[in-house]
Amino acid sequence: MKVREIAIAIVLLSHAAVGQIRSFEIQASCGGWTLSPFQTIVEKECEDLIRNEFNKLAGSAIPDVFLSPFLSNLDISSSGHVFSLALSYRFGQSRFSAGVRGDCFVFRLPYVLSVEESLEIPGFRLVTVQGQGLGRVRLNGLAILLFGRWTPL
């Protein structure tokens, strides 16, 4: 919450400082983002990666004929938000302006992973290993960039 409050204060102070100068332009934006449209693709790719790495590891120690198919299930959800503030300067009456922009973002990706593998002699199951893991990936970032813009109309 402190990031939002600081950003709002900067916007208000900047607007008050350059409000009378027509050559400056201030833009502020915020929004959310998620992997939801791509969630099944990301889950499938991660499951395939886990399965392949396990098969490489187990296959070097135990022949494939003794292993049942590796079962894995990955459930992810994602959320995040971004805040952006830009200050640009228009050069006289020209259509060109230059400025600086700052972006602050937060992205969260909690996940649950479950796996199961069995060791068996054909026809007899000797051992079944089941596992479950919980985790969270959190990305926080701040980016500052310089930009130039040309307005055609």
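The values are calculated or read from the model by the stated rules, or taken from the named source; none is laboratory data. Since the structure is predicted, the reported quantities are computational estimates derived from the model, not experimental observations. Here the Cβ is made from the backbone with ideal geometry for all residues, glycine too, and neighbour counts use every protein chain on show.
The listed residues are F70, F54, F38, and the only one of them that is under 15 Å from F107 (Cβ atoms) and of a type in the set (F, W, Y) turns out to be F38. When the stretch 40-86 is filtered for residues that are surrounded by fewer than 16 Cβ atoms within 10 Å (Cβ to Cβ), more than 19 Å from R136 (Cβ to Cβ) and touching a residue at least 24 places away in the same chain (Cβ under 8 Å), the ones remaining, listed by number, are F54, I62, V65, F66, S68, L71. Here the strands (runs of 3 or more DSSP E) wholly within the stretch 35-153 that include at least 1 residues being among the aromatic types (F, W, Y) and over 30 Å from S23 (Cβ atoms) are 96-121, 124-150.
If the condition is being at pLDDT 85 or above and among the polar types (S, T, N, Q), then the stretch 97-153 contributes S97, S114, Q130, Q132, N140. Checking each residue in the stretch 119-153 for being surrounded by 10 or more Cβ atoms within 10 Å (Cβ to Cβ), out of contact with any Leu (no Cβ under 7 Å at 6 or more places or on another chain), within 30 Å of F66 (Cα to Cα) and small (G, A, S) picks out only G131.
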